[in-house]
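Visitor: Structure below; questions to follow.
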Amino acid sequence: MPGPKPWEWPPERAAKVIKRGIAANRARISFPFPLNFGTWWLAVLPAGVSQWLIERLGFNHSGDTPHD
């Protein structure tokens, strides 16, 4: 993912969360909260709206710049 990563965790911290999630038999292990919340919204919004937001934020996979 391009751009700054203000919520990036050190591998050790992430590994602890993953280990706890596996031990608790969680179906989904997702972190940190701001990223988890944002991706949840992208999943519940209509696909066209989610794709529009992703393009506007500069995370489109084609490498093109967002267009108006």
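Each value in this text was obtained by applying a stated rule to the coordinates, not by laboratory testing. Just so you know, these numbers come straight off a predicted model, no measurement behind them. Using ideal geometry, Cβ is built from the backbone for each residue, glycine included, and neighbour counts are taken over all protein chains shown.
Visitor: In square nanometres, what is one fourth of the surface area of the convex hull spanned by the alpha carbons of the chain?
Guide: Directional mean of the projected Cα hull area for the chain stands at 5.8 nm².
Visitor: Compute the length gained on full extension between residue 44 and residue 7: take 0.36 nm times their separation in residues and subtract their Cα-Cα distance, giving the result in nm to one decimal.
Guide: That works out to 11.1 nm of additional length.
Visitor: Looking at the chain, identify the longest residue range that excludes and avoids all trypsin sites (Lys or Arg not before Pro) in DSSP loops having at most 15 other Cβ atoms within 10 Å.
Guide: 29-68
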